[in-house]
Amino acid sequence: MSQAVFGVPIKRLKGTTVSMSTTAAHLAIPAGYNQIRHSAQMPYRLGLAPRLSKVFYYDDTDGSYTDYTTQAIDGSSSTHVPLDAMPTADFLYLGLETMTRGFYFDIGTNPNDQNRTLDVEYSYDASNGRYIKLTGTVSGALTVGETVTGQTSATTATLVYGPAGSTYIVVKDADGTFLIGEDVDGASQTCDDLTAIAAEPAGTPYFTDVTGDSDGTDSTGTLAVDGLYSFTLPTSLVATVYGVSGLHWIRFAPSGSLGTTVDINEIIPACSDTDYGYFDAGETYQYSFNNQKVGAIETDMVAGSAILEVTFIQY
């Protein structure tokens, strides 16, 4: 006697709609869902965007990190990422499985009311455990990749990091041993009178500015309205932030203190590019995705406007 064979049962369905136009729209995928079904009555385009895996707020006053991942991705207006009076020395760290070209910010009931900009950076390098931190008197401009030479030891290394105003530089691929008290000189940057030499822990990230910034949240100041903060897709290396390794990291700080109360309801990564897939009018599409790597959809239209009907499926 034959027996019925059943597939994996569906645990939950969640439906929503997206108003599409020639301007890209962004929708976060609810946590735990692993299949999507969508359709529209006009042709449209759609892409899958990276998952936002971690969100940390770094407080420079005490060196602490606060985890706001849930608040950033739960899609609820009753929870938010607080950036109240965020100063220039604090950072919001955003960790992803794969790199993005920007983030869509859903601003809460308390937008930023100060005329500020964002300094957005990405992790361009990370220590393999053999990078060296040289502390001394730093002068000159950072030129990543230049050769620096110990004036006593004759040791050479490649410059990795040395931000303006810092008291140290970080180098890699040293061919010898640097000496306390010596000067380490490069063509553009020097670190003189070394007072300390230390290994950088594996995974330590080094950040530099993104390029091609365009702030869609700006309205007499950043983070004032809902919008996409986009930039040129950077070439990033995975790094470790607050003990979380294996992610690509973006961080930002404001150019001056933000408003007294600033709420970010949701942070949605954008696709790595705008080469979305094409979908036909009147057809229903259903497929699975890796919810450890995919966390949002981005959609637009070549012309016109339409409503995208979306159902997320959890097995």
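Per-structure values
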| read-out | value |
| --- | --- |
| Distance histogram for region 200-315 (every C-alpha pair counted, 10 angstrom bins, percent rounded to whole numbers) | 9, 30, 34, 22, 5, 0 |
| Mean projected area in nm² (Cα convex hull; one quarter of hull surface) for region 67-215 | 10.9 nm² |
| Extension reserve of the residue 177-residue 59 stretch, reckoned as 0.36 nm per residue once the Cα distance is removed | 39.0 nm |
| Stokes-Einstein translational diffusion, the chain - Kirkwood Rh over all Cα pairs, 1.306 mPa s, 10 °C, in µm²/s | 73 µm²/s |
| In region 255-315, GluC sites (Glu not before Pro) in a DSSP loop with at most 15 other beta-carbon atoms within 10 Å | 283 |
| Potential lengthening between residue 113 and residue 311 on full extension [0.36 nm per residue; Cα-Cα distance subtracted] | 67.7 nm |
| Two-decimal Rg to Rh for region 130-199 - Kirkwood Rh, Cα set | 0.89 |
| Relative contact order, percent, the chain [alpha-carbon distance under 8 Å, six or more residues apart] | 40 percent |
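The numbers here are math on the coordinates, done by the rules we state, and not lab data. All figures in this text were calculated on a predicted structure; none of them were measured in a lab. Every residue, glycine among them, receives a Cβ derived from its backbone with ideal geometry; neighbour counts consider all protein chains shown.
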